[in-house]
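These notes concern the structure reproduced below.
The values are calculated or read from the model by the stated rules, or taken from the named source; none is laboratory data. Here the structure is a predicted model, which means the values were calculated and not measured. Here the Cβ is made from the backbone with ideal geometry for all residues, glycine too, and neighbour counts use every protein chain on show.
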Amino acid sequence: MADEVILLDFWASMFGIRVRIALAEKGIKYEYKEQDLFNKSPLLLQMNPVHKKIPVLIHNGKSVCESSIIVQYIDEVWKDKAPLLPYDPYQRAQARFWADFIDKKMYDTSRKTWATKGEEQEAAKKEFIEVLKTLGGELGDKPFFGGDNFGYVDLCLIPYYCWFYSYETFGKFSVEAECPKFIAWVTRCLQRETVAKALPDEKKVFEFVSVLREKIRVE
Amino acid sequence: MSKGEVFLLDCWASPFCLRAKIALAEKGVEYEARAENLFGGKSDLLLKSNPIYKKVPVLLHDGKPLCESTIIVNYIDETWPSPPLLPSCAYERAKARFWADFIDKKVFDAVCNIWKSKGEVPETAKNEFIEILKQLEGALGEKDFFGGDSFGFVDVIAIPLTCWFYAVEKFGGFKVENECPKFSAWMNKCMQRDTVARTLPDPEKVYEFVITLRNMFGIE
């Protein structure tokens, strides 16, 4: 029986991109359904009644929500190809820790670099750079967070990269100047076809963020 | 059953530490709990083992640190597989992780919003707390436990938070039993379990601890 896989997603969502990369890594055919987040579809509301958010993976009619959980599900179901999480339970716990750190720290901090101004924005920029430096510390001299191979933590983090141009432009700072090693890791990830294809154009994201800023009246 | 040396950096009232303790008890793993004085100064071991958050719990397995309670419980389940806490089916596992994540995002913050209130607890704080429990009742459905017939991962994640509910009820002027009887029934079923009953502190003691916290934060 062929698997039916549907992804409810939004093109610019860094959480949705995680799932797209995971599906691509595993070579899974799926139907992509773009969602209007300002006018949520009955399907989205039915499949994620608790949070009403994307991404949602619908596998043979059953929904899985929350991007980190979806990626782990994909890794477990399609386990014969391209493992994302390590085999060793301790390494797996470490991978989950860093994915959780990314979830706790990246979104709110990065959002403030474009959604706020003045002192609040300055504080957010400092904190954002600190977060990247902490992640850089964890990366160390490894090519990827997963070690020699692209893995779960790399996949959870790299989608943010298409938003960096927006953070840097509105926040007036340069990630490369502050964290060159981080950008070296980005470059390695982008050499991967699954990643390069999944990330939208950063200029398109910038246009989208500009519209969002107007909506929330930042200026 | 031995599989190396296990320590837990702990605080008796922390629902997050209690999760790890219940999981270890369920697996019959012997461990040593080391109490951290969170107000008097954190130990060098804690600061070295959890440099990112500097928080308890930290599980040390053969000297290797693990942080964040849900991740610790997951690790305990994978390292000592019997009896299993997470379901064997990938979809059910994803559902269990979803509800554990929901509990992590919502419950303790709602608990704190109530006991941290100055003066009368706002209706919004009470309603939000009750709404969250009602959503969990929805997830429970007609099952005995979140895990189904057996006590499992989500039950381990959720039950320790309930020893703070007495304090919440006292400050909020309501009873979980009246507002969410199904949830209350689930709490009672869990408390019949030896591993839970032996591990959870007396809610009255937690209430006294919360009063101490309120005094420390200058909340009247």
Checked against (1) among the basic types (Lys, Arg); (2) part of a helix (DSSP H, G or I); (3) touching a helix residue (DSSP H, G or I) at 6+ places or on another chain (Cβ under 8 Å); (4) within 14 Å of another protein chain (Cβ to nearest Cβ), B:Lys126 satisfies every condition except (4)
Could you tell me whether B:Lys205 is surrounded by fewer than 18 Cβ atoms within 10 Å (Cβ to Cβ), over 20 Å from B:Pro15 (Cα atoms) and modelled with pLDDT of 95 or more? no
With outside any helix (DSSP H, G or I), closer than 30 Å to A:Ala93 by Cα and of a type in the set (Lys, Arg) as the only criterion, which of A:Lys197, A:Lys133, A:Lys142 stands out? A:Lys142
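Quick one: is A:Lys126 over 14 Å from the mean Cα position of the chain (by Cα), surrounded by fewer than 17 Cβ atoms within 10 Å (Cβ to Cβ), at pLDDT 95 or above and closer than 22 Å to A:Thr187 by Cα?
Considered against the rule, which asks whether it is over 14 Å from the mean Cα position of the chain (by Cα), surrounded by fewer than 17 Cβ atoms within 10 Å (Cβ to Cβ), at pLDDT 95 or above and closer than 22 Å to A:Thr187 by Cα, A:Lys126 comes out as no.
From the set of residues in region B:54-73 that are surrounded by fewer than 19 Cβ atoms within 10 Å (Cβ to Cβ), on the phi > 0 side of the Ramachandran plot and among the charged types (D, E, K, R), which is nearest to the chain's Cα centre (by Cα)? Show your work before the answer.
Pass one, region B:54-73, residues surrounded by fewer than 19 Cβ atoms within 10 Å (Cβ to Cβ): B:54, B:62-64.
With on the phi > 0 side of the Ramachandran plot added as a condition, the list becomes B:54, B:62-63.
After this cut, where a residue has to be among the charged types (D, E, K, R) as well, the list is B:54, B:62.
Numbers: B:Lys54: 18, B:Asp62: 24 Å.
The selected residue is B:Lys54.
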Considering only region B:167-220, state which residues are among the acidic types (Asp, Glu), over 16 Å from the mean Cα position of the chain (by Cα) and not in a helix (DSSP H, G or I). B:Glu220
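Can you confirm whether A:Glu168 is surrounded by 15 or more Cβ atoms within 10 Å (Cβ to Cβ), closer than 18 Å to A:Lys105 by Cα and not small (Gly, Ala, Ser)?
Numbers: surrounded by 15 or more Cβ atoms within 10 Å (Cβ to Cβ): yes; closer than 18 Å to A:Lys105 by Cα: yes; not small (Gly, Ala, Ser): yes.
When the stated conditions are applied, A:Glu168 passes them.
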Are there any helices (runs of 4 or more DSSP H) wholly within region A:1-116 with 3 or more residues that are facing another protein chain (nearest Cβ under 9 Å), surrounded by 15 or more Cβ atoms within 10 Å (Cβ to Cβ) and β-branched (Val, Ile, Thr), and if so which? A:67-77
Could you figure out which of (1) in contact (Cβ under 8 Å) with a residue 12 or more places away in the chain; (2) within 25 Å of A:Arg111 (Cβ to Cβ) isn't true of A:His59? (2)
